[in-house]
1. Can you list residue pairs whose Cβ atoms sit under 6 Å apart, with the first residue in the stretch B:137-156 being over 17 Å from residue B:100 (Cα atoms) and the second being modelled with pLDDT of 75 or more? Count only pairs 6 or more apart in sequence or on different chains.
2. Only one of B:509, B:467 is closer than 26 Å to residue B:60 by Cα and acidic (Asp, Glu). Can you tell me which?
3. Only one of B:948, B:970, B:931 is of a type in the set (A, V, I, L, M, F, W, C) and part of a strand (DSSP E or B). Can you tell me which?
4. Which is outside any loop (DSSP other than H, G, I, E, B) and not polar (S, T, N, Q), of A:76, A:10?
5. Please go through the stretch A:158-171 and give me each residue that is under 14 Å from residue A:92 (Cβ atoms) and more than 7 Å from every other protein chain (Cβ to nearest Cβ), ordered by number.
6. Please pick out the residue among B:180, B:191, B:155, B:151 that is of a type in the set (Gly, Ala, Ser), under 34 Å from the mean Cα position of the chain (by Cα) and under 27 Å from residue B:465 (Cβ atoms).
7. Anything in the stretch B:329-379 that is in a helix (DSSP H, G or I) and not basic (Lys, Arg)? List them, or say none.
8. Would you point out which residue out of A:49, A:102 is within 13 Å of chain B (Cβ to nearest Cβ), closer than 30 Å to residue B:167 by Cβ and modelled with pLDDT of 95 or more?
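The values are calculated or read from the model by the stated rules, or taken from the named source; none is laboratory data. The shown structure was predicted, so the numbers you read here are calculated from the model rather than taken from an experiment. We place every Cβ from the backbone using ideal geometry, glycine too, and count neighbours over all the protein chains shown.
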Amino acid sequence: MAETLAPCSAFVATLDVAVEGARLTEAPARTLHHVALVADPSGLPGPGRAAEEGGLTFLPLGPGQWLAIGDGGALAARLPSAALTDVSDGHVPLLLEGPKARDVLARLSSLDYEAFPPGAVARTLMMQLAATIRRLPDGPAGPAYALEVARSSARSFVHHVEEAMRAVAARG
Amino acid sequence: MQIDRLSGGGRIDRARKLSFRFDGRRYEGFAGDTLASALLANGVRLMGRSFKYHRPRGPLSAGPEEPNALVTTGAGAAADPNVRATVQELYEGLEAAPQNFVGSLRRDWMAVNDLLHRFLGAGFYYKTFMWPSAFWERLYEPLIRRAAGLGALSGAPDPAAYEVAHAHADLLVIGAGPAGLMAALTAGRAGKRVILADEDFALGGRLNAESHEVGGGAAADWADVAAAELASLPNVRLMPRTTVFGVYDGADYGALERNTDHLANAPKGLPRMTLWKVHAPRAVLAAGAIERPIAFGNNDRPGIMLAGAVRTWINRYAVLPGRRAVVFTACDDGWRTARDLRAAGAEVVLVDARPGAGSDEGFRAIRGGAVLDTGGRLRVSHAMLRHAGGATDAVSADLVAVSGGWSPAVHLSTHLGCRLVWRDDIAAFVPGDRLPPGMQVAGAARGVFSTAACLRDGAEAAARALEIPPAAAPEAEDGATGVSAFWHVKGAKRAFLDQQNDVSVHDLEISVRDGFRAPEHAKRYTTLGMATDQGKTANILALGVLSELTGKTIPELGTTTFRPPWTPVPIAAFGGRHRGKHFHPTRLTPSHDWAAAHGGDFVEAGLWLRAQWFRAKGEAGWRDSVDREALAVRRSVGVCDVSTLGKIDVKGPEAGAFLDFLYRNTISTLPVGRCRYGLMLREDGLVYDDGTVARLGPEHFLVTTTTAKAGEVLRHMEFARQCLRPARAVSLVSVTDHWAQYAVAGPGARELLQGLVAEDISDAAFPYLACGPVTVAGVPGRLFRISFSGERAYEIAVPARYGHDLFDRIVKAGATPYGVEALSVLRIEKGHPAGAELDGRTSAMDLNLGGLGAKKAAPFIGREMEKREGIQDASRPRLVGLRPVDPKARITAGAHLLDPGAEARTASDRGWVSSVAWSPELSRYVGLGFLVHGAVRKGERVRAWDGLRGLDVEVEVTSPHHVDPEGSRLRG
């Protein structure tokens, strides 16, 4: 048997774009599952808010549906009867952070990011593409947002984020 | 020389001189000027030529309502036509050119039109160019288009960038005049999120243009202080240079921000404009009012301006637009202009149409009089006055200031259907009571005209909107504004109503005489109120004249409809970043980079880019590549990226039953580890989509869809899950992007894959239509034994991150990469229906798939509607194979099928050719098509008639399976 298949990024080069006030990077690989058919959803977050529990992060997507970040075994143990689908490679994790990150996001989607505190989650359309966005706790660089975007269109998505970042930076 | 610049005053920065060019000549102005104010300061009055008669024109207004002073800024591809000189901010190096003339601006050869004006009135071209009718398109229209018009587009792609952005506020304040500033202060001080937008670059509105006081100091100083306070509040966003142009459902407002049109050197990366979608549950419309002129003889000469604009030139820009002024008014506002003109050093004659107006203020005032006519070629030189008694005399004048009263800028209030209400006391329309939800109107926009009242009204509007206390308004001028309805001077000739479209009182008379009496009809007949200014200074005036001509009152006549946008918005701004190759997002397959590096030629398939073939060395054309690839699959082994096919994970205890409801055939009986072809119908019983269903576990199915329908089918399935079968415990998840999936097809496919896969995939262990988890070079993957080509074939899947490496390894193990074109050749040879056959008009029976699920008892979508007579009709065209009798002949997709000897007409049509390919396997063209009674016509001959390409070819009707009709190859 030949050696193990080599993984490959969705991008040509390592993604790390920075302008004055905002920075976009590809976040480290993580395991991501779609969660549905949960017999007892108590303990899982309701609309709009993320919840963390035993190394797993749950992001509500819609009625009875979540994305879960974290180990698949732990997830299966936590929700033994649920329908779990591995979608780790269907999405690319991105991190957008900086004092002007909000202005960048205002150019990508219609959400009200001033009413989007740390822990908030939304599934939204960004430049014609579906994305899941979660606000992380503020870092030293200001507000930080974790995004999950479709892998096949990730380069188009990043193109638009970069254009928005340049436009925001050019405003000074 | 800024010969008409006053030595002091104004809101300009005299320390910052700016040089610019207009019509090839160099001038100087100051920061804070507009192009129009700077040109006026330099003594320039002539700024353009009119639309039809090519009459000399200068600015009528000092704002966004400007009909005349339209110029082209920039050059080459960046040239921007129809820029209003009255709003274009001056910057160092600005280049502007006048429009619509032949020869020079001062001597325009097309001005001959003006001499012919008797023949060129409203509707002239409808009547004059009647025949011969063929001449209209070829001669008359091109001539008219060349003779008349505004600025011209460059014809080159716009090099500027545009963006769309979103903003949210508790209160959007539209307009930063006295009412808007007070509304913003009221809400801002209360801690509300406020957006204050104004199309001007300076906040303050009329406060910057008047000489009176607010709060004990200059009005403009008070505006500066208010703007500074608002700027200091973190909850307030000031948006100068931003035009709110439309009101939309859901409390959404469209606003256009101009980022770079005022900059000599724009920062790199800054879009020229930002189109803001502002969501604001509450809004205050404080858009002010537009002054209207009076129609008198030759009232369009350069140097004839609105009286309020004259005050703007004097007070805001320190420009004296004339030294010998006639002020013609029908309201008290004209008297203000007369005072400011006199204070600035001009001689003034005031003509008030109202007999008893005003008191003696030390300038000559003619009450009950009128301006009858004017003279002068490129600038007004004198005015012919008519006194109350009827006597006339000529007065030398280099400026005529006109005021017929003010019309509230109600436009945005009507965008969601609010009807306007006519008020006789101000002779104007004001907003009615069915305003857009959440909107308040304040100040002059609702007919409140004194400065003090506007300040109070703005504060109260914001207070009402947000249920907070109003901010205290400062002291200000609180005079009443008397006005009498006065539209035009009787007996005047060449009295223009709409200067942008050269429509005169006489044209409206023609319109009414010809039967176009309603405002909407008169607008279309005369073009009054059209083009870039949409009749902002003309509409009410025209209604007044129309009222006199028809004997109906203005409220009886009603207005034309105001639609967004309030002022022109480039289409490019709506497009934002979505242009060129970013018009839509692009989806890339996991093997994209590999394909790009190995001769892959890409084709768009929906949003996807797919390799259509891989060009090898020495191949001259695409057919060489495609033939080679298809033959490789038939003779040895090939690999094709099929990751674009929609993949939907279906899980849950009732997943099987749910899929039975979705597919025509039964799915729930599929054993774990097996695949099945599935056919989905629409509600109307016609075929929706097809694909394979694999059962990966007792409660786990994987559905594949066609590439084109992936999104639609998931939506269709979600609708069924959520609305039609809400009780079913089933979960649907798209996993299209998660998996890299490759078809490995050909006699050598098994052997090749066995080298990559850990498990035994011998025919005994992994027969045709088997599926299951496998380990692919150490990575958990999946294998499906399904075939689109008719050869022994597999689809192998690994998580997308490994896709690039897996494709490389499969090729290195000996597979020929093939693209979608060879894929298509192979499936046509094999007779598999695809997009051209599943075109939304075909039934399962048409596709010879009537047997699928024929004995099924469970209900499924489309079952009842499929029983309709028309779908069951045995004479419907059926899927057949077609090949030319002459093996060298070519047939084409789209050809009609005709019986031998039949005439090529609709009545003889017997079907159509849906797909055609050159078969390298059979060395001839083969096709698929739909033929009436096709099931029983095998072996017969018909004709493929293609009128578009001039082909009429005898073809033989065959089985759709051109290659391996027994299916022995795919089982190995």
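1. Final answer for the pair search is B:156/B:77.
2. B:509
3. B:931
4. On the way: A:10 fails: outside any loop (DSSP other than H, G, I, E, B).
Step by step, each of A:76, A:10 is checked, and only A:76 is outside any loop (DSSP other than H, G, I, E, B) and not polar (S, T, N, Q).
5. Answer for the stretch A:158-171, where residues must be under 14 Å from residue A:92 (Cβ atoms) and more than 7 Å from every other protein chain (Cβ to nearest Cβ): A:158, A:161.
6. Numbers: B:191 fails: under 34 Å from the mean Cα position of the chain (by Cα); B:155 fails: under 27 Å from residue B:465 (Cβ atoms); B:151 fails: under 27 Å from residue B:465 (Cβ atoms).
Of the residues listed, the single one that is of a type in the set (Gly, Ala, Ser), under 34 Å from the mean Cα position of the chain (by Cα) and under 27 Å from residue B:465 (Cβ atoms) is B:180.
7. B:333, B:334, B:335, B:337, B:338, B:340, B:341, B:343
8. Numbers: A:49 fails: within 13 Å of chain B (Cβ to nearest Cβ).
Residue meeting the stated conditions: A:102.
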